[in-house]
Amino acid sequence: MHSKDYQEKELVSDAVLADTSQSSQNDMTSLEWDAADEKRIRNRMDWRIMPTVFILYILCFIDR
């Protein structure tokens, strides 16, 4: 009885994994962006990163 439960759980987990990998493959193929999206993403990253880099640069300059 114990081995039957284990086999059922294994089959269920395999089915869940197969479903998850299939959906992630579908998500990866639907990711497409154009130049405007790329520019928007780059600007967002710049506004998140550059203030920290600027503050670190100023602190290193003051430390000299």
Quiz prompt | Pairwise FRET efficiency - Arg64 versus Lys39, Cβ, R0 = 35 Å, nearest 0.05 | solution = 0.45
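Counting only other residues whose beta carbon sits under 15 Å from that of Arg44, what net charge do I get with K and R as +1, D and E as -1?
On the way: positive: Lys39, Arg40, Arg42, Arg48; negative: Asp37, Glu38, Asp46.
Local charge sum for Arg44: +1.
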Quiz item: How many nm separate the modelled label positions at Glu32 and Leu56, each set 7 Å beyond the Cα in the direction of the Cβ?
Solution: 3.7 nm
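Any read-out appearing in this document is the output of simple, stated calculations on the displayed coordinates, not a laboratory observation. Please read these numbers as outputs of a predicted model, since none were measured by experiment. As a convention, Cβ positions derive from the backbone with ideal geometry for all residues, glycine included, and neighbour counts pool all protein chains shown.
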